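Trainee: Submitted below is the structure of interest, expressed as structure tokens.
The values are calculated or read from the model by the stated rules, or taken from the named source; none is laboratory data. Since we're looking at a predicted model, the values are computed, not measured. Here Cβ is always computed from backbone atoms with ideal geometry, including for glycine, and neighbour counts include all displayed protein chains. Accessible surface is based on the protein model in full, side chains and every heavy atom, while ligands, DNA and RNA are left aside. Shrake-Rupley method; radii C 1.70, N 1.55, O 1.52, S 1.80 Å.
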There are 4 protein chains.
Amino acid sequence: MSDTPKSIPRISGNNFQPEIIKARQDFITAETGTSVPHLSATTIDPSTLKGNVENPIGAAQIPIGLAGPLLMNGEHAKGHFYVPMATTEGTLVASYSRGMRILSQIGGPKTTIIERYMQRAPVFHCEDARKARGLGEWLRANFASIKAAAETTTSVGKLSHIEEYGVSRMWYTRFNFTTGDAAGQNMCGKAADAACRWIMKNLPADLGKITYTLSGAIDTDKKHSHLNTLHSRGARVVVEAVLPRDLIKSMTRAETRDMYRARQVSMLGGMLAGTTNNGVHAANGIASLFLATGQDEANVAESQAGLTYVELLENDDLYWSLTLPSIIAATYGGGTGLATQRECLEIMGCYGSGKVEKFIEILAGTVLAGEISLSAAVVANEWVESHDKHGRNRP
Amino acid sequence: MSDTPKSIPRISGNNFQPEIIKARQDFITAETGTSVPHLSATTIDPSTLKGNVENPIGAAQIPIGLAGPLLMNGEHAKGHFYVPMATTEGTLVASYSRGMRILSQIGGPKTTIIERYMQRAPVFHCEDARKARGLGEWLRANFASIKAAAETTTSVGKLSHIEEYGVSRMWYTRFNFTTGDAAGQNMCGKAADAACRWIMKNLPADLGKITYTLSGAIDTDKKHSHLNTLHSRGARVVVEAVLPRDLIKSMTRAETRDMYRARQVSMLGGMLAGTTNNGVHAANGIASLFLATGQDEANVAESQAGLTYVELLENDDLYWSLTLPSIIAATYGGGTGLATQRECLEIMGCYGSGKVEKFIEILAGTVLAGEISLSAAVVANEWVESHDKHGRNRP
Amino acid sequence: MSDTPKSIPRISGNNFQPEIIKARQDFITAETGTSVPHLSATTIDPSTLKGNVENPIGAAQIPIGLAGPLLMNGEHAKGHFYVPMATTEGTLVASYSRGMRILSQIGGPKTTIIERYMQRAPVFHCEDARKARGLGEWLRANFASIKAAAETTTSVGKLSHIEEYGVSRMWYTRFNFTTGDAAGQNMCGKAADAACRWIMKNLPADLGKITYTLSGAIDTDKKHSHLNTLHSRGARVVVEAVLPRDLIKSMTRAETRDMYRARQVSMLGGMLAGTTNNGVHAANGIASLFLATGQDEANVAESQAGLTYVELLENDDLYWSLTLPSIIAATYGGGTGLATQRECLEIMGCYGSGKVEKFIEILAGTVLAGEISLSAAVVANEWVESHDKHGRNRP
Amino acid sequence: MSDTPKSIPRISGNNFQPEIIKARQDFITAETGTSVPHLSATTIDPSTLKGNVENPIGAAQIPIGLAGPLLMNGEHAKGHFYVPMATTEGTLVASYSRGMRILSQIGGPKTTIIERYMQRAPVFHCEDARKARGLGEWLRANFASIKAAAETTTSVGKLSHIEEYGVSRMWYTRFNFTTGDAAGQNMCGKAADAACRWIMKNLPADLGKITYTLSGAIDTDKKHSHLNTLHSRGARVVVEAVLPRDLIKSMTRAETRDMYRARQVSMLGGMLAGTTNNGVHAANGIASLFLATGQDEANVAESQAGLTYVELLENDDLYWSLTLPSIIAATYGGGTGLATQRECLEIMGCYGSGKVEKFIEILAGTVLAGEISLSAAVVANEWVESHDKHGRNRP
């Protein structure tokens, strides 16, 4: 590193022209001694980068493996799908594929989206708790106007409902919007801000002096919260399957009874640890599909949460369900339209408008496949061995 | 989707040859009607894929922007660094860069790695709680032998200590290993398994019948837990800075007093929501650096957690600290050696052995830059506007 | 203990007659060698015991100290009150009294009851998650009938609203009732059961087979939950005060700045520990008032939770607020009508109908007094000393 | 309430003389119009009140019912016990008694105390995180001296170990003491304070300026925390039993299979709600025994927490366990020596030195009895009915 560091090359106007990207690549080599032939080898049209990144220097290449086919029994996703998973973790694609084979043999995982909203959470600062409580009453009485004000900023987003929580002399709210095929964080930010400005203008004098902050942190953006587990963020989706004992035994060497007991001990362990997900490794499937399809990777923070519930049936078949309360996904906008990301969505027939529920269902089905496959591997004592086989160079 | 889905092409022996990768690309087009020119355009040497992915079909291209320079005041990272961030979220690189400029002007963020271990958490099933308690005593008395058994499987990993928690008739343990420059999940899995096998062989008869499961879920792999906040997973790193009032005002238009008050309200909001991170958006910085450098993206689930603590000093300067208890990172092994990932590590002088602490410190400094920049933007009412400017096509 | 234990004396008909109580006291002496003159010395009219206890043998005597006067600035509690506190912890009454003197000098704590409901939480077991989601829709569409069915069992309780949470193929609900001056757990249990029976009878066939359990555990009875922090259980009450710097200094020797800083460090500590209350010792005031006034002591489990939020004002005065989200209290029914319990309620003018909000406000004001007094003592280094002075015989 | 409130009568010297107690009783009547014959009727020797209460005005009388006999299979509690429970909740004693009958028929609950410590949690404020980390190293290196300094203040308490957690530039510690038969909060406070004073005097200069606060809130006194669930507070005790299917059926009309399934749904509900106890109503048994025996009622806040784990065995018997991680109890000091409290301890042979483990085991066995009885009642649909029968006057 040089002692007097130089600024990264930028030009006024358009920092996405090939020339300035090249200048930055050269700058890296000059300043750090690192040549970047692979970073530079991207096929992304630079003109598509604006709105996705600043100071672009190229692209990361993340290996993608193809898993499947996965038969889906969703409301939006029906039939067989091939699932592109971006990862650098050996074993992952192989393990998810095994789970997909199991699920496909029994008609596919059943998926149900319970609700889907994106949130922005303004907090109002009042003179005292009584004024705050009064504000809450006023917000409920004026919901229609607040909704109208919010929706002036977007043709897609619709304000569904406002959660309210009184603490101290603050009134914490959580605005819930439907957002079409977009994830919608920015859409909701703008709409909530417009709503707040309307509120500020129209507050009756007897509520006293009130100010607001656009986020009082209970959204809870880019982090998990128990509030998400209860009231969702993005989509709340349930995926279910009944796993026949004999099928599991023949395909994984695991006994469903053993898998069940391991589940119980893990659920208790999860409660002991205070975990955000009492399942196995949902984050693996979610992160790899997010990466492949242009979702915001930071949302793995929220989307990793889940509640697994299993039952051992009379005949030793295993009912397995996973409730994912905060899957944040899009099939339009953000990174979804970039070069490889769009191809991956198209492989699953999920690019563009009207596809987001389908994509979320495939994601949920994929996650369940991974839960079952790894759970069986642990019980059958194949966990360490399979990583030895597939992940040899990973310490 | 076809009704009778075909299996994904594989060959016996080597599924990483260019021919079979090409066959899978053609298969995708045939089966789904999707051509994948961009996925196919990867420059990754297929022979390097083994151990990172199965059934490869190409690579995702994720835009990378260059942030910095960031002056670091670490124990391992000293001097200026340019930071490659992979993302599809507009505004992110620009915002982090602004924070880096602020931090660089005051000598850089001070970083301290408190501890760093990787965990695997076997659970032992005993006849009753008294036997379980007895097992705990026996484990402590035989730590040296257990450690020796674990370390037969690895030249790098060292067993540091074993946490123990008695619940019901189970004895939950959490083996803590140092893992060199690797993240070390698999290394720890193998070593803990070897330790457990030794334990099973050597248990005294008076402890009764005991079995074990290699993970009782309190590791807690690919998910956050409160246990991580307390006892760390991967690195526990603190990053600190004192932000001068006038500097903040001139560079962001925000008053430190307002930033401080917003912090207080957000910390309360975080407690209300039951959040895993009372800061702003650590996951953004973490995910983008993880992606660029070949870390396991699913570990965003754990690494997103954090505790922010700020103080408004007498002179209105702002002391800001962030404690990240579970940063899982590597500079060797896994995805770090892949084409673009290695280049990004090299840009920061962080590729290979003896570099992981340096990388973790740069990561922590980067995260702090993002916290400060966004916090100032929210207070200065520039949040919505800046997303409008930089993220125009993102809904 | 004898080897062949005898049954506790009971008679058919009335186990509350003085004779059978006496027989049990003699039985204790005969079987355990313990004479119980103090247990026997109760002045409770045995005929009032039915419904409060079975197998009565007498009464515990818990010392009561009188704290106050406490000036209240509530909506229901206005003016000065003397507060009877039952406790065996030395220092407690003295410390709370000191806090009351401080609060009384500044016009009294301001109290605001945000909401007050009692809950019962039936869970419905459905064939799959889609049926469960459908049930939710049906419940919302049939709320009026469900409410009517619930209210057939009680002249006091009114069903306000039903929270709903979908997990797996279960539909967890939380029925929220207003309960007049009673705490209302049993009232809500009966009403919710009646509602569930109506639901079972009237469910449309297309929702499939559905069964229910009267409590799916999210009520959450006799235990704290994060759900309570968010959605309250019993009363959600906020108590606030602005503490002048000079007053605090002269009455406690503590500087408000030091108290503020200690609060910040404690709030962070609370977040680190994962605590249910980021304040000081609310459970002390709550338990002692619960005991004195015939509340259900087990509800300390729920009522102990709280969120403290403080601000250091420009002039170094300290704004202090405490939000108690789950105060379960009654001024009618249960133990409130027993001999000493009724006297204690009457001392505060809180016995009988229409008094429960007043009582809750006095409770909240009392709790705040204790928070301030102990916080000041810790900062002024008087904590250990004052326990030495007042609590000499307590190890 | 009068407008100009009078001070509560006090005299210099001894506020526990009968005359001044009588003066306060008269004062109450004069000021509030309430006569207090029952409060006044206490048989407690006023000279024993000092150290337990200030400004005494009499005593609360809480009904006590006798439950049992309960056969115990503990390490310290063996044989049959009659258990005095103080409560105002109808049904409680009857329900616990039923559970005790069940448990006694199968040899009694097996109890195991895993560990028992009391905590005080000083936090150290350092110049930066590196100094804080250095302090941690120094504390570990000087443990013997710190222990010696702490133990100068007490002949009973022994410092066992110090937990350490680094956050920001603070070093949070949690001193763990053994405390003999006392609960020991004050003992630990004094000892930890002495240790901190020694630390302040002996710190090496290179650690910079360090101050401390005696409690950084992670003790966590009078409130639950996840830290308690992991690392206990007071006693961590496990209670277990195997419930034969036929016995349960004949004594409760419930099927063990139904009880098991209800448990699963409740455990999931508990995880959904974010509860501190995934069992049924441990706080009931704990609060009533605490009250009867002079424990600190406010500690119900901590002691209510628990982890239930059940297994349905091959023969449909039910293995049931409950882990209570934070039972704070004493058989010496505090309120245990008061008139009725001592009698109740004596009934169980638990008064005085060397008895605290015995008492904790009986408490744990009692709690389990209540868990089983209520669980069976819920499944057998007798819950609402039994409250109707036993608790008629309770709304």
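Trainee: Taking chain A as a Gaussian network, Cα atoms linked when under 10 Å apart, which of A:213, A:331, A:34 shows the biggest mean-square fluctuation?
Mentor: Among A:213, A:331, A:34, the largest mean-square fluctuation in the Gaussian network model of chain A belongs to A:34.
Trainee: So how long is each side of the stretch B:122-213 along the principal axes, counting just the alpha-carbon atoms, biggest first, in Å?
Mentor: 40, 22, 19
Trainee: Using a probe radius of 1.4 Å on heavy atoms only, what accessible surface per residue do you get for the protein assembly as shown? Whole Å² is fine.
Mentor: Spelled out: the 1.4 Å probe surface of the protein assembly as shown, per residue, equals 29 Å².
Trainee: Name the residues of the stretch D:103-119, by number, that are at least 20 Å² less accessible with every protein chain in place than in the isolated chain; the surface is that of heavy atoms, probe 1.4 Å, without ligands or nucleic acids.
Mentor: Residues meeting the cut-off: D:110, D:112, D:114.
Trainee: Pop out a list of residues from the stretch C:148-180 that are at least 10 Å² less accessible with all the protein chains around than in their chain alone; 1.4 Å probe, no ligands or nucleic acids counted.
Mentor: When all protein chains are present, C:165, C:166, C:167, C:168, C:169, C:170, C:171, C:172 each give up 10 Å² or more of accessible surface.
Trainee: While we're here: Going through the DSSP H helices of chain A, which span 15 Å or more along their own axis at the Cα atoms while scoring at least -1.0 as a mean Kyte-Doolittle hydropathy?
Mentor: The answer, listed by residue number, is A:18-32, A:92-105, A:129-141, A:185-202, A:256-273, A:282-293, A:356-379.
Trainee: Further question: For chain C, with a Gaussian network of springs between Cα atoms less than 10 Å apart, report the residue from C:293, C:48, C:91 with the top mean-square fluctuation.
Mentor: Of C:293, C:48, C:91, the Gaussian network model singles out C:48 as fluctuating most.
Trainee: Sort A:242, C:53 by accessible area with a 1.4 Å probe, largest first.
Mentor: A:242, C:53
Trainee: Continuing with this model, one more query. How far apart are the residue B:352 label points across copies, placing each 7 Å from Cα toward Cβ, in nm, shortest first?
Mentor: Result for residue B:352, in nm, nearest copy first: 5.0, 7.5, 8.8.
Trainee: Can you bin every Cα-Cα distance in the stretch D:1-115 into 5 Å intervals starting at zero and give me the percent of pairs per bin, rounded to whole numbers?
Mentor: 2, 10, 14, 12, 11, 10, 10, 9, 8, 8, 5, 2, 0
Trainee: What percentage of the solvent-accessible surface of chain C, computed with a 1.4 Å probe over protein heavy atoms, is contributed by carbon and sulfur atoms?
Mentor: The C+S portion of the solvent-accessible surface of chain C is 50 percent.
Trainee: Quick check on chain B: helices-only [θ] at 222 nm, where DSSP H runs of length 4 and up contribute -39,500 (n - 2.57) each and the sum goes over total residues. Nearest 500, please.
Mentor: The per-residue figure over chain B is -12500 deg cm²/dmol.
Trainee: What does DSSP give for the protein assembly as shown in terms of the percent of beta bridges that are antiparallel, rounded to the nearest 5?
Mentor: Roughly 95 percent of the beta bridges in the protein assembly as shown run antiparallel, per DSSP.
Trainee: About the Cα centre of the protein assembly as shown, what is the dipole size in debye to 20, counting +1 per Lys and Arg Cβ and -1 per Asp and Glu Cβ, all else neutral?
Mentor: The dipole of the protein assembly as shown has a size of about 0 debye.
Trainee: Hey, which residue of B has the C-beta nearest the axis mapping B onto D, and what's the distance in Å?
Mentor: Residue of B nearest the axis onto D, distance in Å: B:226, 2.
Trainee: If r is the Cβ-Cβ distance from residue D:152 to residue B:197 and R0 is 45 Å, what FRET efficiency results, to the nearest 0.05?
Mentor: So, using R0 = 45 Å, E works out to roughly 0.40.
Trainee: About its Cα centre, how strong a charge dipole does the stretch C:110-265 have in debye, to the nearest 20, once Lys and Arg get +1 and Asp and Glu get -1 at the Cβ?
Mentor: In debye, rounded to 20, the stretch C:110-265 gives about 300.
Trainee: Can you list the copy-to-copy distances for residue C:141, using a point 7 angstrom from Cα toward Cβ, in nanometres, shortest first?
Mentor: From this label point to the equivalent ones elsewhere in the assembly: 3.3, 6.8, 7.4 nm.
Trainee: Leaving ligands and nucleic acids out of the surface, order D:222, C:209 by accessible area at 1.4 Å, largest first.
Mentor: So the residues, ranked largest to smallest area, are C:209, D:222.
Trainee: Now for a separate question. Does any residue of the stretch D:78-100 lose at least 40 Å² of accessible area with all protein chains in place compared with its chain alone, and if so which ones (probe 1.4 Å)?
Mentor: Buried by 40 Å² or more upon assembly, which counts only protein chains, are D:80, D:82, D:88.
Trainee: Take the alpha carbon gyration tensor of the stretch B:230-384, find the square roots of its eigenvalues, order them as a ≥ b ≥ c, and report rounded if a/c is under 1.5; if not, report prolate when a/b exceeds b/c, else oblate.
Mentor: Prolate, since a/c reaches 1.5 and a/b exceeds b/c.
Trainee: Per Stokes-Einstein, at 37 °C and 0.692 mPa s, what whole-number D in µm² s⁻¹ belongs to the stretch D:199-322, with the Kirkwood radius over Cα pairs as the hydrodynamic radius?
Mentor: 186 µm²/s
Trainee: Now a separate question. If we count every other residue with Cβ under 9 angstrom of residue C:302's Cβ, Lys/Arg +1 and Asp/Glu -1, where does the sum land?
Mentor: Neighbourhood net charge equals +2.
Trainee: To the nearest 100 Å², how much accessible surface do chains A and B hide from each other in total, with a 1.4 Å probe?
Mentor: Rounded to the nearest hundred, the buried surface is 10800 Å².
Trainee: Rounded if a/c is under 1.5, else prolate if a/b beats b/c, else oblate: with a ≥ b ≥ c from the C-alpha gyration tensor eigenvalues square-rooted, which is chain B?
Mentor: Oblate, since a/c reaches 1.5 and b/c is not below a/b.
Trainee: Filter A:222/B:222; C:222/D:358; C:110/C:358; C:78/D:222 down to the pairs with a C-alpha to C-alpha distance above 21 Å, please.
Mentor: Going by Cα-Cα distance, C:222/D:358; C:78/D:222 fall outside the 21 Å limit.
Trainee: Considering Cα pairs under 8 angstrom that are at least six residues apart, work out the relative contact order of the stretch D:74-202 and quote it in whole percent.
Mentor: 28 percent.
Trainee: Between copies, how close do the residue A:257 label points come, placed 7 Å along Cα→Cβ, listed in nm from shortest?
Mentor: With the label placed 7 Å along Cα→Cβ, residue A:257 yields 1.5, 7.0, 7.1 nm.
Trainee: Can you bin the protein assembly as shown into rounded, prolate or oblate? Criterion: square roots of the alpha carbon gyration tensor eigenvalues sorted a ≥ b ≥ c, rounded for a/c under 1.5, prolate for a/b above b/c, oblate for the rest.
Mentor: prolate
Trainee: Sticking with this one: Which residue, B:105, B:12, B:136, has the largest displacement toward the positive end of the dipole of chain B when charges sit on each Cβ (Lys, Arg +1; Asp, Glu -1)?
Mentor: Checked the options; the winner is B:136.
Trainee: Count the lysine pairs in the stretch A:122-213 whose Cα atoms lie under 17 Å apart, taking only pairs 8 or more positions apart in sequence or on different chains.
Mentor: Here the count comes out as 8.
Trainee: Mean-square fluctuation check for chain D, GNM, Cα pairs under 10 Å: which of D:314, D:240, D:164 is largest?
Mentor: D:314
Trainee: If you don't mind, another one. Taking only C-alpha pairs under 8 Å that are 6+ residues apart, what is the relative contact order of chain D in percent?
Mentor: Across chain D, relative contact order equals 20 percent.
Trainee: Please give the net charge around residue B:232, taking every other residue with its beta carbon less than 9 angstrom from that of residue B:232, where Lys and Arg add +1 and Asp and Glu add -1.
Mentor: With Lys, Arg at +1 and Asp, Glu at -1, the neighbours total +2.
Trainee: Taking the Cβ of residue C:265 as the center, what net charge do the other residues with Cβ under 12 Å away carry, scoring Lys and Arg +1 and Asp and Glu -1?
Mentor: Value of the local net charge: +1.
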